[in-house]
1. Which residue, 155, 144, 190, has the most motion in a Gaussian network model of the chain that connects Cα atoms within less than 10 Å?
2. Send over the per residue convex hull volume for the stretch 25-133, Cα only, as a whole number of Å³.
3. Just to be sure I understand: with springs between alpha-carbon atoms less than 10 Å apart, which residue in 104, 79, 126 has the highest mean-square fluctuation in the Gaussian network model of the chain?
4. What FRET efficiency comes out for the pair residue 178/residue 3, r = Cβ-Cβ distance, R0 = 45 Å, nearest 0.05?
5. Tell me, in nm to one decimal, what length is gained between residue 167 and residue 45 on full extension, where the rule is 0.36 nm per residue of separation less the Cα-Cα distance?
6. Compute the helix-to-body angle for 82-99: its Cα long axis versus the longest principal axis of the chain, expressed 0 to 90° and rounded to tens.
7. Beyond 21 Å, how much of the Cα-Cα pair distribution for the chain remains, as a whole percent?
8. Using only the Cα atoms of the stretch 74-178, what are the Rg and Dmax in Å?
């Protein structure tokens, strides 16, 4: 059992070190020596868990995708008020991007791979679909102005979310969620029906 625990801790340490490097440098600019330097392990120990850099990247992207899919699934739960779910999803994503290096690295790796292949990132389209669906649901319930184009609002939210993430330094990641909250307050007069445009965005 102790051997299994040590192995599990080593694997976790390697993934976290790799995540820091991939998130900061991207796949191409990261090498295994940089990753090993972030741990107290030898290069041989790294190879025992991950035979190559690509295996490390795959482990991180798969972990990211599971978390991403679960966040979108929870947001689309029909039992939740759609406007609150919309806000919670954007705040939840910006929070985890700033606090979870593995998630942030998985996003960057997924994004970079898509651009290298000349295609849009699937995470972008899946997020847009989820946001647009929530906006439509909120419009049907009177929470968002029915005259607004739901897809354009979704595109705006996607752009704001990733824009805040990209322009907020990692050491100041705690500021990102507050910036998204303030942007929600700025968007409220645009999104809410005219009769309610003076009320605060849902908390």
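1. Maximum fluctuation in the GNM of the chain, among the listed residues, is at 190.
2. On the way: hull volume 11.5 nm³, N = 109.
Measuring per residue, one finds 105 Å³ for the Cα hull of the stretch 25-133.
3. Maximum among the listed residues: 79.
4. 0.50
5. Stretched fully, the residue 167-residue 45 segment lengthens by 40.4 nm.
6. Approximately 30 degrees, to the nearest ten.
7. It works out to 57 percent of all Cα pairs.
8. 14.5, 42
FYI, it's all coordinate maths here, none of it is from the lab. What you see is a predicted model; the values in this text were computed from it and never measured. Don't worry about glycine lacking a Cβ; one is built from the backbone with ideal geometry, like all the others, and counts go over all protein chains shown.
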